[in-house]
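The values are calculated or read from the model by the stated rules, or taken from the named source; none is laboratory data. In this text, all values refer to a predicted model and were calculated from it rather than measured experimentally. Cβ coordinates were reconstructed from backbone atoms using ideal geometry, including for glycine residues, and neighbour counts include every protein chain displayed.
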Amino acid sequence: MQSKLRDKLYHQHNRDVSNSGTAFSHEISPIETTRFDGKNYHFWAEHMELFLKQLQIAYVLTDPCPSLNISSEATSEELAQAKVAEKKWMNDDYLCHHCILSALSDNLYYQFSKKAKTAKELWEELKLVYLYEEFGTKRAQVRKYIEFQIVDERPIVEQMQELNNIADSIVATGIMVDENFHVSAIISKLPPSWKDFCVKLMREEHLPFWMLMEEIRVEELSRNRVKQAEHSKSANFDPPNNLGPRIRDIKRTGVPWKKRESEMHGKPIQCNYCGKKGHISKFCRNRKIEKAVNGNQNGENSTIPAVAEGAIMKGNGVNLRFWCWVWIVQEMRSRWARER
């Protein structure tokens with residue numbers, strides 16, 4: 001009985017020791033990796049491999065993806081295990097691929113992220129380009145020059161200088177690079193947003209490298225000024241805060257537009273002259289017509305004394321025509337009043 005108890009305690013102690021060792025292994029501080037800029041590939045690759053092994057995803061760089069080529073006699077459990085293994089490999093490959101990309105410099109990231117590939121293909125391409133570049137091979141420099149792309153996210157002039165340095169390194173190996181070829185290559189590598197400017201440069205008959213640099217520098221400064229002006233304009237424009245309340249905010253609900261104060265309080269507007277609603281006596285049409293008639297009548301009778309209607313009818317034709325016109329105006333006014 002005591003021997004069984006001793007064996008049980010011994011196995012429990014060994015289990016605790018193994019668990020503590022596992023916990024200690026998980027508490028190891030992660031390896032810090034530097035961003036690879038194309039130099040010291042051996043140093044960067046060693047640290048990157050240790051980092052991927054610590055994440056337990058380095059196996060995707062050597063092991064292929066498990067396939068689902070299972071015989072028809074396989075059980076449902078074996079099929080499920082194969083699917084789980086394939087899904088795990090795909091997730092680890094995706095994580096490994098992005099870990100490698102995140103450890104690259106900005107220029108290399110934009111260069112290699114546009115190519116859809118697995119983590120192993122990306123790792124082998126980096127090894128092919130930069131492992132042999134450290135030994136000074138000419139073809140590696142030429143390939144780097146050809147695959148270089150200028151992007152909008154970085155200053156254009158700075159990227160042009162970087163591409164020119166690659167061209168200088170090619171010339172240093174003994175390969176001659178023609179200036180016209182170099183200028184045309186730079187123009188073709190400009191981003192799509194510079195398409196119109198590229199067409200303008202292509203029409204130039206004589207365009208040396210220094211002139212191309214100056215043209216692109218001026219164009220980039222102009223575009224930066226336009227962006228800053230648009231940004232400041234959008235930042236300063238704040239109508240809800242800078243302006244007062246809008247008319248639609250201060251208008252009383254249920255009240256139509258262009259109403260007078262008396263109508264807003266429920267009192268209809270009524271003319272004191274003709275007694276009709278909707279206008280005041282100052283703007284009464286009947287009053288204006290009567291004033292015009294009285295003015296003409298006073299002008300005609302100002303030089304003669306008042307006479308009877310019969311005398312006027314027997315007088316000259318001017319007074320007769322005048323009173324006919326007055327009668328027509330009154331008829332029109334009464335008809336207009338009845339229609340309203």
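Summary table below
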{"read-out": "Which listed residue is more than 30 Å from residue 156 (Cβ to Cβ), acidic (Asp, Glu) and modelled with pLDDT under 75, from 63, 7, 92", "value": "7"}
{"read-out": "Residue check for residue 219: in a helix (DSSP H, G or I), modelled with pLDDT of 85 or more, out of contact with any Lys or Arg (no Cβ under 7 Å at 6 or more places or on another chain) and at negative phi", "value": "yes"}
{"read-out": "Test result for residue 37, surrounded by 10 or more Cβ atoms within 10 Å (Cβ to Cβ), at pLDDT below 80 and charged (D, E, K, R)", "value": "no"}
{"read-out": "Set 212, 221: member being within 21 Å of residue 154 (Cα to Cα), out of contact with any Cys (no Cβ under 8 Å at 6 or more places or on another chain), free of Cβ contacts under 8 Å to residues at least 12 places away in the same chain and not basic (Lys, Arg)", "value": "221"}
{"read-out": "Positions within the range 165-191 being outside any helix (DSSP H, G or I) and either closer than 15 Å to residue 144 by Cα or in contact with a Gly (Cβ under 6 Å, 6 or more places away or on another chain) (or both), in sequence order", "value": "173, 175, 177, 189"}
{"read-out": "In the range 158-176, the residues that are among the β-branched types (Val, Ile, Thr), exposed (fewer than 15 other Cβ atoms within 10 Å of the Cβ) and modelled with pLDDT of 85 or more", "value": "171, 175"}
{"read-out": "Criterion violated by residue 155 - all others in (1) under 27 Å from the mean Cα position of the chain (by Cα); (2) crowded, with 17+ Cβ neighbours inside 10 Å; (3) not acidic (Asp, Glu) satisfied", "value": "(2)"}
{"read-out": "Flag for residue 100 being farther than 21 Å from residue 65 by Cβ, touching a residue at least 12 places away in the same chain (Cβ under 8 Å), assigned to a helix (DSSP H, G or I) and touching a Phe, Trp or Tyr at 6+ places or on another chain (Cβ under 9 Å)", "value": "no"}
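Let's see how each residue does on (1) closer than 22 Å to residue 48 by Cβ; (2) part of a loop (DSSP other than H, G, I, E, B); (3) at pLDDT below 90; (4) among the aliphatic types (A, V, I, L, M):
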| position | (1), (2), (3), (4) |
| --- | --- |
| 116 | yes, yes, yes, yes |
| 122 | yes, no, no, yes |
| 141 | no, no, yes, no |
| 144 | yes, no, yes, no |
| 152 | no, yes, yes, no |
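Quick grid of which residues meet (1) closer than 30 Å to residue 140 by Cα; (2) within 30 Å of the chain's Cα centre (by Cα):
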site	(1), (2)
174	yes, no
183	yes, no
216	yes, yes
219	no, yes
222	no, yes
